[in-house]
Every structure is written in structure tokens, then in C-alpha cells.
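Where a number appears in this text, it was derived from the coordinates with a stated rule and is not lab data. Only a predicted model underlies this, so the values are computations on that prediction, with no experimental measurement involved. Neighbour counts are summed over all protein chains in view; Cβ atoms, including those assigned to glycine, are modelled from backbone coordinates with ideal geometry.
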Amino acid sequence: MLSNEALRDFRNFIKRQIYKGQYRVGSTWYDANLVEIAIMNDGTVRVKCEIAHGAACTITGVRLISQLNEVWASKTINVVIERATTNLMQWFDFNITESEVS
């Protein structure tokens with residue numbers, strides 16, 4: 001089984017590797033503000049992205065980009081922003097688990 005130190009190192013690796021968030025409007029991806037990357041009390045690594053498009057729009061996707069400019073995680077959403085002053089918060093939770101295979 002993985003030690004507590006190994007689990008900590010995996011969690012910190014995730015924190016170091018996430019470079020930026022992005023969101024999709026139409027077919028275009030825009031950069032999102034990474035608000036926080038934190039390790040929660042239960043060990044979950046939570047990455048929070050704030051989306052402030054500045055105009056009414058429909059946001060159809062959110063993704064996380066690594067230091068190597070690769071997509072690490074993505075999700076499809078369908079959120080209509082009706083006012084330019086409305087911001088949207090999205091987050092990704094990463095849970096590292098281990099299981100034995102016999």
C-alpha cells in the first residue's frame with residue numbers, strides 16, 4: 001500500500017502541474033482565472049477556476065491545462081451567462097485512491 005508520504009507527493013505533484021484553466025464559448029477556448037489549488041482535509045486536491053467572460057454568453061466546457069500545455073481534465077457544461085457582470089465558479093476534485101488487485 002502507498003505510504004502517507006507517497007500520497008502527499010502525488011497530491012503535491014497535481015498542484016504543481018496545473019498551469020491554467022480554460023473555458024469554451026462557441027468553438028473558442030479562453031483562459032480562466034485559477035483561484036485556488038488546495039489539498040482538502042480529506043486529501044482531495046481541489047482546483048477552482050473563476051470564469052469572467054465580460055459579456056453574455058453560453059459556456060459549454062471547462063478544462064485544466066498542465067505545465068506541458070496538455071489537457072489534464074475537462075468537463076462539458078451548459079451555463080448561460082445573461083449579464084456581463086456575472087462570474088462563474090467551476091472546480092475539479094482529484095481523489096487519489098489505491099486498491100489491491102488479486
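Considering segment 70-89, the residues that are assigned to a loop (DSSP other than H, G, I, E, B) and not polar (S, T, N, Q) include one that is nearest to residue 3 (Cα to Cα), namely 70.
Hey, among 46, 63, 8, which residue is of a type outside the set (S, T, N, Q) and over 12 Å from the mean Cα position of the chain (by Cα)? Every option except 8 fails the conditions. Selection over segment 66-86 of residues that are more than 16 Å from the chain's Cα centre (by Cα) and not aliphatic (A, V, I, L, M) gives a count of 5.
Table: residues versus (1) out of contact with any strand residue (DSSP E or B) (no Cβ under 8 Å at 6 or more places or on another chain); (2) touching a residue at least 12 places away in the same chain (Cβ under 8 Å); (3) within 14 Å of residue 18 (Cα to Cα); (4) of a type outside the set (Lys, Arg).
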residue: 65; (1), (2), (3), (4): no, yes, yes, yes
residue: 70; (1), (2), (3), (4): yes, no, yes, yes
residue: 74; (1), (2), (3), (4): no, yes, yes, yes
residue: 97; (1), (2), (3), (4): yes, no, no, yes
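Of the set (1) closer than 21 Å to residue 14 by Cα; (2) assigned to a strand (DSSP E or B); (3) more than 11 Å from the chain's Cα centre (by Cα), all apply to residue 96 but (2).
Listed here are the residues, each with its yes/no results for (1) surrounded by 11 or more Cβ atoms within 10 Å (Cβ to Cβ); (2) in contact with a Gly (Cβ under 9 Å, 6 or more places away or on another chain); (3) on the phi > 0 side of the Ramachandran plot; (4) not in a loop (DSSP other than H, G, I, E, B).
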{"position": "33", "(1), (2), (3), (4)": "yes, yes, no, yes"}
{"position": "48", "(1), (2), (3), (4)": "yes, yes, no, yes"}
{"position": "59", "(1), (2), (3), (4)": "yes, no, no, yes"}
{"position": "64", "(1), (2), (3), (4)": "yes, yes, no, yes"}
{"position": "68", "(1), (2), (3), (4)": "no, no, no, no"}
{"position": "91", "(1), (2), (3), (4)": "yes, no, no, yes"}
{"position": "100", "(1), (2), (3), (4)": "no, no, no, no"}
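Restricting segment 5-23 to residues that are assigned to a helix (DSSP H, G or I), touching a residue at least 40 places away in the same chain (Cβ under 8 Å) and not charged (D, E, K, R), the residue that is surrounded by the most Cβ atoms within 10 Å (Cβ to Cβ) is 14.
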